[in-house]
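Colleague: Just dropping this structure here.
No value in this document is a laboratory result; all are computed from the given coordinates. Everything numeric here is computed off the predicted structure, so don't read it as measured data. Here the Cβ positions follow ideal geometry from the backbone for every residue, glycine too, while neighbour counts run over all protein chains shown.
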Amino acid sequence: MTTAMSTGVLNPDTLVSTFGLIGILATVFVESGLLLGFFLPGDSLLFTAGVLVAQPNSFVPLWVLLLTVPLAAILGDQCGYIIGRTAGPTIFDRPTAKRVGPEQLARAHAYFDKYGPRTVILARFVPVIRTLVPVMAGAAGMRYREFTLYNMVGGVAWGMIVPILGCWLGGIEFVRTHVELILMAVVFLSVAPLIVTYTRAALRRGQGTAEPSIPTESTSV
């Protein structure tokens with residue numbers, strides 16, 4: 001989706017050249033914290049910023065980018081969490097709702113209780129998902145301190161790794177045009193062992209429940 005929107009004012013080069021550091025930080029904050037920001041080019045924007053700071057006449061030093069971008073990302077996710085925590089009960093507390101109701105909220109609670117930390121971190125590297133996760137974490141009642149801790153880890157990792165990749169690998173055409181796919185591939189590889197383990201456990205449970213039970217005859221006296 002980001003690639004499709006990478007023309008006009010949403011083109012990363014245009015955003016950086018027109019709005020500079022302020023535009024980068026505003027984009028990161030909105031994409032991280034506001035549901036309307038899911039279409040913004042977060043990964044490609046940070047990668048492009050990294051490419052540009054490697055040029056002789058950079059618009060800002062690299063260290064400024066590595067300090068301010070993670071901060072904007074962390075604050076954005078905190079805002080998204082607060083939105084979810086505030087609006088979540090109103091949205092989900094509808095017994096008549098079929099797709100978004102108490103049952104779905106209970107599932108979200110169970111999910112974030114078990115997978116919340118790694119989800120908050122890894123979602124940073126997946127477009128659209130990183131916009132939705134903080135809101136869902138807040139709506140699901142993920143503990144604020146826990147969310148904040150892993151939000152900081154994810155925000156620092158994403159906000160530093162992507163610009164550094166742009167600074168180091170921006171001259172490679174394939175990396176520059178496929179940065180989002182590369183990041184999603186890395187995330188997939190990191191969670192692949194968990195998926196395999198979960199699938200095997202589910203199959204074992206299914207095989208265990210599939211065995212027919214032998215009824216016992218009762219004799220009447």
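Colleague: Quick check: net charge around Pro134, other residues with Cβ under 12 Å of its Cβ, Lys/Arg +1 and Asp/Glu -1? Walk me through the numbers before you get to the answer.
Modeller: Details: positive: Arg85, Arg124, Arg130; negative: Glu31, Asp77.
With Lys, Arg at +1 and Asp, Glu at -1, the net is +1.
Colleague: From the backbone phi of region 31-40, what are the Karplus-calculated ³J(HN,Hα) couplings (6.51 cos²θ - 1.76 cosθ + 1.60, θ = phi - 60°) in whole Hz, Gly and Pro given as x?
Modeller: Per residue, the Karplus-derived 3J(HN,Hα) values read 5, 7, x, 10, 4, 6, x, 5, 8, 6 Hz.
Colleague: Can you list the residues, at least 5 places off or on another chain, whose amide H is less than 5 Å from the amide H of Val128, using H built in the peptide plane?
Modeller: Counting only residues 5 or more places away or on other chains, the set is empty.
Colleague: Under 1.5 on a/c is rounded, so check that first for region 10-163, then, if it is not, pick prolate when a/b is larger than b/c and oblate when it is not; a ≥ b ≥ c are the square roots of the alpha carbon gyration tensor eigenvalues. Kindly include the intermediate steps, with their values, before the conclusion.
Modeller: Working: a/c = 2.99, a/b = 2.17, b/c = 1.38.
Note, shape of region 10-163 comes out prolate.
Colleague: Enter the Cα centre distance for the pair region 102-165 and region 66-81, rounded to the nearest angstrom.
Modeller: So the two Cα centres are separated by 12 Å.
Colleague: Short version: ³J(HN,Hα) in whole Hz for each residue of region 48-54, in order, from phi by Karplus 6.51 cos²θ - 1.76 cosθ + 1.60 (θ = phi - 60°), x for Gly and Pro, what are they?
Modeller: 4, 4, x, 4, 6, 6, 7
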